[in-house]
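Here it is: the structure, laid out below.
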Amino acid sequence: KGKDAVSMRYDTPIYFQRTEVGEYDPDTGNYGPDKIVETKKYANVTEASVDTLSLIYGELRQGSYVIRLQRQYDQPFDRIRIGRKTYRVDFSRNCKVFVASEVQ
């Protein structure tokens, strides 16, 4: 029997990251530094199964995770941070389930 929502724990803090372009300074003609804005959510994070990896990538790939949220996250974002590592979303479904691989 597969995992159901009752037994799944959404206890891993993840951070949806969005890069905001630095503001334009008309005096210097330059842009300020880009800023990373993070939104914290709690998720169920598990290593991607061999079946999932084969389906999405056509190969086995280390450092890929399935990230499940209880509620949809439909705001724009560039990547997800878990701990000190950042991940690129390679597949998503219903803005609640994401398959992500580590950014090297």
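Using Cα positions and a limit of under 14 Å, work out the aspartates and glutamates in reach of Lys41, with same-chain residues fewer than 8 apart set aside.
Candidates past the 8-residue exclusion: Asp11, Asp74.
Using the Cα gyration tensor of segment 50-92, with a ≥ b ≥ c the square roots of its eigenvalues, what is the shape: rounded (a/c below 1.5), prolate (a/b larger than b/c) or oblate (neither)?
Values: a/c = 2.07, a/b = 1.51, b/c = 1.38.
Verdict is prolate for segment 50-92.
In Å², what does the accessible area per residue of the chain work out to with a 1.4 Å probe?
Numbers: 7520 Å² over 104 residues.
Using a 1.4 Å probe on heavy atoms only, each residue of the chain averages 72 Å².
What distance in nm separates the simple spin-label points at Met8 and Asp34, each placed 7 Å from Cα in the Cβ direction?
My value for the distance between the label points is 3.1 nm.
Carbon and sulfur atoms: what percent of the 1.4 Å accessible area of the chain do they account for?
Working: 3410 of 7520 Å².
Looking at the chain in its full context, I get 45 percent from C and S.
For segment 12-60, which semi-axes, largest first and in whole Å, follow from the square roots of 5 times the eigenvalues of its Cα gyration tensor? Display every interim value, and only then the final one.
Values: eigenvalues 295, 53, 5 Å².
Over the Cα atoms of segment 12-60, the ellipsoid semi-axes are 38, 16, 5 Å.
Also: How much mean residue ellipticity at 222 nm does the chain get from its helices, if each DSSP H run of length 4 or more adds -39500 (n - 2.57) and you divide by all residues, to the nearest 500 deg cm²/dmol?
Details: 1 runs with 8 residues, N = 104.
Roughly -2000 deg cm²/dmol at 222 nm, from the helical runs in the chain.
Could you tell me the relative contact order of the chain? Use alpha-carbon pairs under 8 Å, at least six residues apart, and round to a whole percent.
Numbers: 189 pairs, mean separation 27.0, N = 104.
Relative contact order for the chain comes out at 26 percent.
Please work out how much length the chain gains when fully extended from Ile56 to Cys95, using 0.36 nm per residue of separation minus the C-alpha to C-alpha distance, in nm with one decimal. Before the final figure, lay out the partial values.
Working: separation 39, 0.36 × 39 = 14.04 nm, distance 1.68 nm.
Difference between extended and current length: 12.4 nm.
The values are calculated or read from the model by the stated rules, or taken from the named source; none is laboratory data. Everything quoted here is computed from the prediction, not taken from an experiment. For neighbour counting, all protein chains shown are included, and Cβ atoms are generated from backbone atoms with ideal geometry for every residue, glycine included. Areas reflect the complete protein model, heavy atoms only, side chains present, ligands, DNA and RNA absent. Shrake-Rupley method; radii C 1.70, N 1.55, O 1.52, S 1.80 Å.
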